[in-house]
Amino acid sequence: MERLHPFAELMAREEAGIDLGRACLLIARDAYPGLDVEGYLGEIERLAARLRGRLPRDGSAEARVVALNEFLFDDLGYSGNADDYYDPRNSYLNEVLDRRTGIPITLSVLYLEIGRRVGLTLEGVSFPGHFLVSLRLRGATLVLDPFSGGAPQSEADLRERLARVIPENATGNVPVAQLPLDQFLEPAGKRQILARLLRNLKGIYRNTDQPQRLLEVLNRMLEVAPAAHGERRERGLLYQRLECYRAALKDLQDYSTLAPEAPDIDEVRARLVELGALCARLN
């Protein structure tokens, strides 16, 4: 758990004080225990310095976006990993920097971090099914897709994305094509970005049955969002599977206290009786 302390300290800060790039690299320390966080942060700084040296003189936000896209995707060759999307390396920022490929959220984090260093007030957008980046320009919003080389997204593009992930019968009497886009384009806070990144890893390690990796991810998720009752329940069940009975008992007790009306509460209470008996034998 010692490896978790720097991340926990970061998550204890106010939103403005969270260093997003550092937080992503600390998450990667679970899979890469010897990872040099400061070294990779220095690499991001060096990339930004190289970009600053080639920014156009007019300094407009639009020109900076064009320069950022050319630098990252044309010159350095960063691209979305569509061929092996669920490779866990795509979710670790160090691997994205080393391999120059990733998934929408990690490429967006890199885009945000370099863009911020060259004066672009970019925001993450937790769009359904595909993380994006936005930039406000004179009352309008420019939406960009770092997974596709920073390509601007038109209203038609965004509606097509929605249609792919939202079933028609899930929106009541309003067709997906008529849903207001603004509700899907709200800026994502840093904790929201980290939670979505960790959800990706949770899905990967759950589907490939890697309980120890899954436990590490759940530990991080509960630092990002301590009130995430579902993750607390899942961690408790995982602890039980790993025969960490006291830790399992604590998590499931907390879950039953925090979510007494949960649909599965009777099942959880039955497990608490079982875990109580197992823990008593350990004394």
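The values are calculated or read from the model by the stated rules, or taken from the named source; none is laboratory data. Not measured: the values here are computed from a predicted model. Here the Cβ positions follow ideal geometry from the backbone for every residue, glycine too, while neighbour counts run over all protein chains shown.
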task: Return the only residue of Pro104, Pro128 being under 19 Å from the mean Cα position of the chain (by Cα) and modelled with pLDDT under 95.
output: Pro128
field: Hits in region 255-264 - residues which are part of a helix (DSSP H, G or I) and surrounded by fewer than 15 Cβ atoms within 10 Å (Cβ to Cβ)
entry: Thr257, Leu258
query: Among the residues of region 175-210, which ones are of a type outside the set (Val, Ile, Thr) and under 15 Å from Ala28 (Cα atoms)?
result: Leu194, Ala195, Arg196, Leu197, Leu198, Arg199, Asn200, Leu201, Lys202, Tyr205
- prompt: What do you reckon, is Ala280 part of a helix (DSSP H, G or I), touching a helix residue (DSSP H, G or I) at 6+ places or on another chain (Cβ under 6 Å) and either surrounded by 13 or more Cβ atoms within 10 Å (Cβ to Cβ) or not hydroxyl-bearing (Ser, Thr, Tyr) (or both)?
  reply: no
- line: Considering residues that are over 23 Å from the mean Cα position of the chain (by Cα) and either surrounded by 16 or more Cβ atoms within 10 Å (Cβ to Cβ) or touching a residue at least 12 places away in the same chain (Cβ under 8 Å) (or both), the number found within region 75-90 is 1
query: Yes or no: Phe71 farther than 30 Å from Leu214 by Cα and surrounded by 14 or more Cβ atoms within 10 Å (Cβ to Cβ)?
result: yes
statement: Here the residues within region 1-59 that are surrounded by 11 or more Cβ atoms within 10 Å (Cβ to Cβ) and of a type in the set (Asp, Glu) are Glu9, Asp19, Asp30, Asp36, Glu43, Glu45
field: Lone unmet requirement of (1) surrounded by 19 or more Cβ atoms within 10 Å (Cβ to Cβ); (2) touching a strand residue (DSSP E or B) at 6+ places or on another chain (Cβ under 9 Å); (3) assigned to a helix (DSSP H, G or I) for Glu62
entry: (1)
- prompt: Among the residues of region 170-210, which ones are among the polar types (S, T, N, Q), surrounded by 13 or more Cβ atoms within 10 Å (Cβ to Cβ) and more than 18 Å from Thr141 (Cβ to Cβ)?
  reply: Thr171, Asn200, Gln210
query: With respect to Pro152, is the statement that it is surrounded by fewer than 23 Cβ atoms within 10 Å (Cβ to Cβ), closer than 13 Å to Val65 by Cα and not small (Gly, Ala, Ser) true?
result: yes
message: Residue under question is Pro128, and the condition is that it be without any contact (Cβ under 8 Å) to a residue 60 or more places away in the chain and in contact with a strand residue (DSSP E or B) (Cβ under 9 Å, 6 or more places away or on another chain); does it hold?
response: no
message: Conditions first: (1) modelled with pLDDT of 95 or more; (2) in a helix (DSSP H, G or I). Asp209 passes all but one, so which condition is the exception?
response: (2)
